[in-house]
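Colleague: Below is the structure I would like to discuss, written out as structure tokens.
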Amino acid sequence: MALALSLSIVQDVKAASFVTAGSLNIARRYHTATVLPNGKVLVPGGFNAPDSPQASADIYDPSAGTWSSAGTMSSARAGHMAVHLQDGRILVMGGLDTPPGATASVDIYTE
């Protein structure tokens, strides 16, 4: 006895594309981007030109399509790590500070 199996997969394929989402308040590189529980995106630290670590942070609101300031961390940092905590806060730690060297400082972002 032979068993025949037929499987059909139908996918709704949409073409991927990019649309502009505005601009950060300052140019950044080696920063992090972390989605907050409310859907906004926290973008702290990073290097700007000319290779200066930043203590500032920006927030992107995708529903409004706007960027705003999220305040200032206790230390300028780039190349750091950001962790989304269970209670919704964001732990931002380590990285490079000024002059470029490692920092042990830790900040917590609370909205």
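Colleague: Could you please give the count of residues in the range 48-67 that are touching a residue at least 40 places away in the same chain (Cβ under 8 Å) and either farther than 21 Å from Thr20 by Cα or of a type in the set (Ser, Thr, Tyr) (or both)?
Modeller: So the answer is 4.
Colleague: Related question: Can you work out which of the residues in the range 26-43 that are in a strand (DSSP E or B) and more than 15 Å from Ser68 (Cβ to Cβ) is farthest from the chain's Cα centre (by Cα)?
Modeller: Once the filter is applied, the top-ranked residue is Arg29.
Colleague: Give Pro62, Pro44 a once-over and let me know the one that is more than 17 Å from Met93 (Cα to Cα) and either modelled with pLDDT of 95 or more or surrounded by fewer than 19 Cβ atoms within 10 Å (Cβ to Cβ) (or both).
Modeller: Testing whether each residue is more than 17 Å from Met93 (Cα to Cα) and either modelled with pLDDT of 95 or more or surrounded by fewer than 19 Cβ atoms within 10 Å (Cβ to Cβ) (or both) leaves just Pro62.
Colleague: Which of the residues spanning the range 92-105 are of a type in the set (A, V, I, L, M), more than 19 Å from Val41 (Cβ to Cβ) and buried (at least 16 other Cβ atoms within 10 Å of the Cβ)?
Modeller: Leu96
Colleague: Within the set of pairs 6 or more residues apart or between chains, which connect a residue that is part of a loop (DSSP other than H, G, I, E, B) inside the range 72-97 to a residue that is crowded, with 16+ Cβ neighbours inside 10 Å and of a type in the set (Lys, Arg) with Cβ atoms less than 6 Å apart?
Modeller: Listed pairs, sorted by first residue: Gly95/Arg77.
The values are calculated or read from the model by the stated rules, or taken from the named source; none is laboratory data. Here the structure is a predicted model, which is why all the values come from computation and not from measurement. Virtual Cβ from ideal backbone geometry, glycine too; neighbours counted across all protein chains shown.
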